[in-house]
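Peer 1: Pasting a structure below so you can have a look.
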Amino acid sequence: MKPRHFLTLKDITEQEFQALIKRGIELKQNRYTHHQTLNNKTLAMIFEKSSTRTRVSFEAGMTQLGGHAIFLSSKDTQLGRGEPVEDSARVISRMVDAVMIRTHDHSIITRFADYSSVPVINALTDSYHPCQLLADIQTYYEHRGDIKGKTVVWIGDGNNMCHSYINAAAILDFKLRIACPADYEPDPDILTCSQGDIQVIRDPAQAMQDADMVTTDVWASMGQEQEQTARIHAFKDYQVNSHNMAYTKPDALFMHCLPAHRGEEVAAEVIDGPQSVVWDQAENRLHAQKALLEFLLVGQAR
Ligand code: CP
Ligand code: NVA
């Protein structure tokens, strides 16, 4: 039987998404209870890009559930010396219970998953970052309740995070307004295939009108460092600051997946201000992914 993978949010139903949020909150509330749901289970964590939150949350999460995680940098493994993805998948998946991958092109993770005998989790590719959305939605739920019907605004690059917001909007039925420069729109295929209520708007202030939540991300993602100067110029009118946050509802939340560049995509007064929930959001990576690991490894998020 083919294992259950989590490569994009499209791999779970609305009901499963809601169950994961519920279980994430439950695990957070009982964080000091000694859960052993993943006793003797091992997670391989393959990182081909840098990480702080993703690595720490997956590794700590496995430990807290009674299991173990192995950090595999592409620099130190044969993957980094050209061993085929398909061969690596067959070998690694015979030894562990799940594999988490952070990599470049999304096709690398789909190829790995095709040859893996255990669940594969997308911990960020150039196209998607679904684990972050589990944490973001849990954070919204904890602060404001159900996100269904609410208006979420994405400001900035139509990147991997934006694509996962597009998927989440369709599954959870919230309105998504994307404010981005013309040359930095999300992938048209991902946008066109989505069933969600999604609008692309040029003017950030217009997009933020009466919004329930505003979120943004770095202007140059990992792998785009050489475009940094051009991107600073292209995105200069897309900073989230107190001026444009004034267009949102007074109780609107601000989120950022982090790491953040204060003074670029977000002003310090916003990320460090009262509407920001970024530290809860970062912490929720741990709880949401513990729920995900249980769901994929022992089928417990019901
Ligand atoms: N948000 C996020 O994925 O952070 P890291 O790159 O630190 O893992
Ligand atoms: N878009 C960013 C997200 C980092 C968590 C990147 O890919 O670098």
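Peer 1: Looking only at segment 203-224, which residues have a backbone nitrogen under 18 Å from a spot 7 Å from the Cα of Ala182 in the C-beta direction?
Peer 2: Inside the label zone: 203-204.
Peer 1: Measure up Lys175/Lys290; Lys2/Lys175; Lys22/Lys175; Lys49/Lys150 against 30 Å on the Cα-Cα distance and list the ones that go over.
Peer 2: Pairs exceeding 30 Å: Lys2/Lys175; Lys49/Lys150.
Peer 1: Related question: Take the alpha-carbon centre of segment 217-259, take the same for segment 48-95, and report the distance between them in whole Å.
Peer 2: Here the answer is 30 Å between Cα centres.
Peer 1: On full extension of the chain, what length is gained from Glu14 through Gln36, given 0.36 nm per residue of separation minus the C-alpha to C-alpha distance?
Peer 2: Residue separation times 0.36 nm, minus the Cα-Cα distance, leaves 5.2 nm.
Peer 1: I've got another one for you. Please find the FRET efficiency linking Gln226 to Glu83, where r is the Cβ-Cβ separation and R0 is fixed at 41 Å, and quote it to the nearest 0.05.
Peer 2: 0.90
Peer 1: 5 Å is the cut-off here: which amide hydrogens, built 1.01 Å from N in the peptide plane, fall below it relative to Ser93, excluding neighbours closer than 5 in sequence?
Peer 2: Excluding prolines and chain starts, which carry no amide H, the hits are Ser117.
Peer 1: Okay, next question. Subtracting the Cα-Cα distance from 0.36 nm times the residue separation, let me have the gained length for Asp251 to Glu269 in nm, one decimal.
Peer 2: Length gained, Asp251 through Glu269: 4.9 nm.
Peer 1: While we're looking at this one, here's another question. Would you calculate the separation in nanometres between label points at Cys193 and Asn241, each defined as 7 Å from the Cα along the Cα-to-beta-carbon direction?
Peer 2: Going by the 7 Å Cα→Cβ label model, 3.8 nm.
Peer 1: Then there's this: PRE reach from His104 (point 7 Å along Cα→Cβ): which of segment 206-239 fall under 18 Å by backbone N?
Peer 2: 220-228
Peer 1: If I compute solvent accessible area with a 1.4 Å probe over the protein chains, what percent of it on the chain is carbon and sulfur?
Peer 2: 49
Peer 1: Would you give the gap between the C-alpha center of segment 125-168 and the C-alpha center of segment 276-299, rounded to a whole Å?
Peer 2: Using only Cα atoms to place each centre, the spacing works out to 14 Å.
Peer 1: Please turn the phi angles of segment 90-105 into ³J(HN,Hα) values with the Karplus equation 6.51 cos²θ - 1.76 cosθ + 1.60 (θ = phi - 60°), one per residue in order, whole Hz, x for glycine and proline.
Peer 2: 5, 6, 4, 6, 7, 10, 10, 9, 7, 10, 10, 10, 10, 8, 8, 5
Peer 1: Can you return the aspartates and glutamates within cross-link range of Lys75? Criterion is Cα-Cα under 20 Å, with same-chain partners fewer than 8 residues away left out.
Peer 2: Glu48, Glu59, Glu83, Glu86, Asp87, Asp105, Asp126, Glu225
The values are calculated or read from the model by the stated rules, or taken from the named source; none is laboratory data. As the structure is a prediction and not an experimental result, all values here were calculated from the model. Note that each Cβ is placed from the backbone with ideal geometry, even for glycine, and that neighbours are counted across all protein chains shown. To get the accessible areas, we keep the full protein, side chains included, count just its heavy atoms, and leave off ligands, DNA and RNA. Shrake-Rupley method; radii C 1.70, N 1.55, O 1.52, S 1.80 Å.
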